[in-house]
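The values are calculated or read from the model by the stated rules, or taken from the named source; none is laboratory data. The model shown is predicted, which means the values in this text are computed figures rather than measured ones. Backbone-built Cβ (ideal geometry, glycine too); neighbour counts: all protein chains shown. Accessible surface is based on the protein model in full, side chains and every heavy atom, while ligands, DNA and RNA are left aside. Shrake-Rupley method; radii C 1.70, N 1.55, O 1.52, S 1.80 Å.
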Amino acid sequence: MVAVVPVVAAITTTITTTTTAAVAAVATPVPSAQDEAVLPGAEAMASFEPLVGRWTLDADDADEDDGSTIQTVAWNDDRTALTVEWSTVTATGERVAGGRGRIVYDDIAGAVLNTYAGRDGDRPFSGSATLIGLDGAVSDWRGHETRGGGESVNFEVTYDLRDPDRFIVDFIPTCIDGLDSLQPVRFAWVRVDPFLEAVPNADDLLGDWVLRQGGNDGMPDGCRMSVERASGGRSLAFLIREPGEAGALLGTELLWLDPATGLHDLFLDPAGNVMKGEATMVIEEHPILQVRWRRDLPGAALMRITTRLWVAGDALRVDFSDAVLDGRPIPDPPSMVWERP
């Protein structure tokens, strides 16, 4: 488990007996008078803006047997402090570790401090850290952590935030009391993609497809579809064309994530017909994108239909159900099978 501020979380996944210090921000309990003269001041807080968001351990550093760890970093209401929460959950959903932390400039200490506390299994831990150096997006910390059984560790940690989507941590234990030997370690957090969280099969959908089965008069077999991430990274664009390399555009679909209201879908054909859809993810054998479509335009018959879309191997499949036209149920269209060209 790991956390942006707590050290114990991130190190436990890579070292047998570890401390929270490796993942959390680091601190010296009390800076010396010499340190106080050079410690970064309150303005240093702005340098930690890149920490804001949701993070998970890089796959190369994570131990799948230990479950998955997510940490969330956010500003408080007046943007004077960063709050950190992290949690490690097993594949069955059991929470096995977690905690909270806070990074803030302390007027009395005259330094940026990080304090944190949590539990690693049945063992509580707590610690504090002091920012001792800052060079752009790279920060150095010195800290001390204590566990419930009286064990403790002093450590130094460097956070490298130069890549906005990859956060590298270098942890060096300097003094260990009551713990097994700890070695220096490097690990990385990667920023959680909110769209991939909402649509886990988004990357599987990307690319070009050809309709092999299930075509109709409006969209015959042989039609081509391209799927790509749209600008901003929180949407998918589907472009559907007639058969052939130079086929005319048949329709455009946009699936997007609104952080406040969830997933939405919109389909537009060249004649100006629009259908709006409310999308949800259903996790079965494969992640399935389920969309409840509705067309309700002046002068047009009310239409509703539900689609279920998923990727299985080299095929993209679309099932249709609950088709209703002008209040009357109609036979569901045959399932579509799209394949890579």
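The table for this structure:
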| quantity | calculated |
| --- | --- |
| Residues of the stretch 169-217 that turn out to be over 26 Å from residue 68 (Cα atoms), in contact (Cβ under 8 Å) with a residue 40 or more places away in the chain and not basic (Lys, Arg), as a count | 9 |
| Residue ID - least open to solvent (accessible area, probe 1.4 Å), chosen from residues in the stretch 302-340 that are of a type in the set (D, E, K, R) and farther than 19 Å from residue 202 by Cα | 332 |
| Qualifying residue in the stretch 226-242 (condition: in contact with a Cys (Cβ under 7 Å, 6 or more places away or on another chain) and either under 30 Å from residue 150 (Cβ atoms) or open to solvent by 40 Å² or more (accessible area, probe 1.4 Å) (or both)) | yes |
| Where residue 128 falls short, out of the listed (1) among the small types (Gly, Ala, Ser); (2) more than 28 Å from residue 41 (Cα to Cα); (3) buried (at least 16 other Cβ atoms within 10 Å of the Cβ) | (2) |
| Among the candidates 173, 184, 194, residue that is buried (at least 17 other Cβ atoms within 10 Å of the Cβ) and modelled with pLDDT under 95 | 173 |
| Wholly enclosed strands (runs of 3 or more DSSP E) of the stretch 193-270 bearing at least 2 residues closer than 30 Å to residue 54 by Cα | 224-229, 235-241, 249-258, 262-268 |
| Cβ pairs under 6 Å, 6+ apart, first in the stretch 40-57 and under 10 Å from residue 74 (Cα atoms) and small (Gly, Ala, Ser), second open to solvent by 40 Å² or more (accessible area, probe 1.4 Å) and at pLDDT below 95 | 53/191 |
| Residue match in the stretch 133-155 (condition: touching a residue at least 12 places away in the same chain (Cβ under 8 Å), in contact with an Asp or Glu (Cβ under 8 Å, 6 or more places away or on another chain), open to solvent by 50 Å² or more (accessible area, probe 1.4 Å) and β-branched (Val, Ile, Thr)) | no |
| Given (1) within 24 Å of residue 57 (Cβ to Cβ); (2) surrounded by 15 or more Cβ atoms within 10 Å (Cβ to Cβ); (3) without any contact (Cβ under 8 Å) to a residue 60 or more places away in the chain; (4) among the aliphatic types (A, V, I, L, M), number of the condition residue 104 does not satisfy | (1) |
| Hits in the stretch 251-285 - residues which are at pLDDT 95 or above and polar (S, T, N, Q) | 252, 280 |
| Where residue 290 falls short, out of the listed (1) out of contact with any Ser or Thr (no Cβ under 6 Å at 6 or more places or on another chain); (2) at pLDDT 95 or above; (3) closer than 19 Å to residue 200 by Cα; (4) open to solvent by less than 50 Å² (accessible area, probe 1.4 Å) | (1) |
